[in-house]
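To keep things clear, I will list the structure first and then write my remarks on it.
The values are calculated or read from the model by the stated rules, or taken from the named source; none is laboratory data. Since we're looking at a predicted model, the values are computed, not measured. Positions of Cβ are backbone-derived with ideal geometry, glycine not excepted, and every protein chain shown enters the neighbour counts.
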Amino acid sequence: MPSQTGKVRIGFIGAGGIAGAHYQRYMTIPDVEIVAVSDVDENALERRIKEWNIPRENTFKDYNEMLSSVELDGVSICTPHRYHAPAAIAAMKKGVNVLVEKPMASTGDDAYAMYKTAVETGKTLMVAFQSRYDPALVASKKFVDSGFLGKTYYAEATGMGVETGRRRGLPGSPTFISKQLAGGGVTLDIGVYPLDSSLYLLNHPIPVTVDATTASYIGHDKEASEVVGAWKWDPEKFEVEDFSAAFIRFEGGLTMTYKQAWAMHADSLGNPLILGTKGGITIANGVPTFYTDQNGYMVNISPTAMPHVDGFRQKIADFVDVIKGKKQNPIDPRGIVMMHYIIDAIYESASKKKEVNVSLPSDLSHP
């Protein structure tokens, strides 16, 4: 519960770049105070002390010490991917609610451990997918849940609120391109957006098999890193994939293709698509189109206007409202855990060069 002053006390685990975006949005929300920060990087801590006016005694190199020393209602976890799980689990076990940056974790087992801890402790575990607030996704979800599509049988997971693939957008930070720190490349970074959005629209069907491929040709290409307009990265330190694609089968006959790229010789990998027996959906340039038959004609339905939503601010505001008891967690982590087991299978299939089964814990596959 918030403090006696009524303010929601937020701490940060990880003080790097994305933490700044969280902080900016927290500062637009009444009754929130940032009271503590932890990071293994002393320079990052010093920067936040000055920028955020954090008392030096409330900055820590070890987040466990912060969790034991400072009374907190919630934390934003903004560490490299590999460290999301231990930090989230430690916070929830200390009675602190968690907003964790995407990806939820670097492996399915880590994500599952986080989910089980949330269930056992009763604390909120919210995954920071601002894409869930994308107006096109929100509109599409309403049509899907109304039964507009009939039985869904095929989907394509690309784009969905973010780029439909980058031409030369490899991040240069080791937190993204180091296998040890990130756990994976484009799949875990921006591949999670189309995967999460599509699976959310489809109400998280149970995955069965995955046949996938990954590539890292451009990431290792020095000439490709030096062209005009390319993001800056070191090809010699690039350890993960810059492209991934998969064909995924689900229970009930539904199939889905997935594609995402940090770098490619093309401008787009295409737009999201869902096909059903009674209707279909595509999303292009932030606007959904709904296809169906009506009164003997094939018709297309598109909104004449779409609202503007700051999804990043909204996810922060919702997290605060959950802490205050004003709403339920709007981003249920259970389905995201299943997505991470699909990602595990993508990496396994690409490594083995064959189709593999998706191994889910029994309470996820048959709740």
Next on the checklist: Here is a check on your reading of the model: is VAL40 buried (at least 18 other Cβ atoms within 10 Å of the Cβ), more than 18 Å from ASP318 (Cα to Cα) and of a type in the set (Val, Ile, Thr)?
Outcome noted: no
Checklist entry - Quick one: would you say ARG48 is farther than 30 Å from TYR347 by Cα, without any contact (Cβ under 8 Å) to a residue 60 or more places away in the chain, of a type outside the set (Phe, Trp, Tyr) and touching a Phe, Trp or Tyr at 6+ places or on another chain (Cβ under 9 Å)? => result yes
Checklist entry - In the set ILE206, ILE218, which member is of a type in the set (Val, Ile, Thr) and over 23 Å from LEU137 (Cβ atoms)? => result ILE218
Next on the checklist: Go through (1) exposed (fewer than 12 other Cβ atoms within 10 Å of the Cβ); (2) part of a loop (DSSP other than H, G, I, E, B) for ASN300 and report which single condition fails.
Outcome noted: (2)
Checklist entry - Name the residues in region 90-107 that are farther than 17 Å from PHE319 by Cα, not small (Gly, Ala, Ser) and not in a loop (DSSP other than H, G, I, E, B), would you? => result LYS93
Checklist entry - Quick check: anything in region 150-158 under 19 Å from the mean Cα position of the chain (by Cα) and assigned to a loop (DSSP other than H, G, I, E, B)? => result yes
Checklist entry - Out of region 310-355, which residues are assigned to a loop (DSSP other than H, G, I, E, B), farther than 30 Å from ASP242 by Cβ and modelled with pLDDT of 95 or more? => result GLY325, LYS326, LYS327, GLN328, ASN329, PRO330
Next on the checklist: Please go through region 53-90 and give me each residue that is closer than 10 Å to GLY11 by Cα and of a type outside the set (Ser, Thr, Tyr), ordered by number.
Outcome noted: ASN58, MET66, LEU67, VAL70, GLU71, LEU72, ASP73, GLY74, VAL75, ILE77
Checklist entry - Among the residues of region 72-86, is there at least one that is crowded, with 20+ Cβ neighbours inside 10 Å, farther than 23 Å from LEU45 by Cα and touching a Phe, Trp or Tyr at 6+ places or on another chain (Cβ under 9 Å)? => result no
Checklist entry - Consider GLY172 against the criteria (1) within 22 Å of the chain's Cα centre (by Cα); (2) part of a helix (DSSP H, G or I); (3) in contact (Cβ under 8 Å) with a residue 12 or more places away in the chain: it satisfies all of them except one. Which criterion is unmet? => result (2)
Checklist entry - In the set ASP234, ASP211, which member is among the acidic types (Asp, Glu) and either surrounded by 15 or more Cβ atoms within 10 Å (Cβ to Cβ) or within 20 Å of GLY191 (Cα to Cα) (or both)? => result ASP211
Checklist entry - Could you say which residue among GLY280, GLY335, GLY270, GLY325 is surrounded by fewer than 22 Cβ atoms within 10 Å (Cβ to Cβ) and under 24 Å from TYR23 (Cα atoms)? => result GLY325
Checklist outcome for this item: How many residues of region 53-63 are more than 26 Å from the chain's Cα centre (by Cα), in a helix (DSSP H, G or I) and surrounded by 10 or more Cβ atoms within 10 Å (Cβ to Cβ)? The answer is 1
Item to check | Filtered residue count, region 261-285, keeping only those that are in a strand (DSSP E or B) and polar (S, T, N, Q) | outcome: 1
Checklist entry - What about ILE336, is it over 27 Å from GLY147 (Cβ atoms) and either β-branched (Val, Ile, Thr) or in the same structural domain as THR187 (by TED's automatic domain parsing) (or both)? => result no
Item to check | Options ILE34, ILE13, ILE49; residue that is in contact with a Ser or Thr (Cβ under 8 Å, 6 or more places away or on another chain), in the same structural domain as ILE77 (by TED's automatic domain parsing) and under 25 Å from GLY122 (Cα atoms) | outcome: ILE13
Next on the checklist: Among the listed residues GLY296, GLY280, GLY286, identify the single one that is in contact (Cβ under 8 Å) with a residue 60 or more places away in the chain and at positive phi.
Outcome noted: GLY286
Checklist entry - Do we find a residue being in a helix (DSSP H, G or I) and touching a residue at least 12 places away in the same chain (Cβ under 8 Å) anywhere in region 70-80? => result no
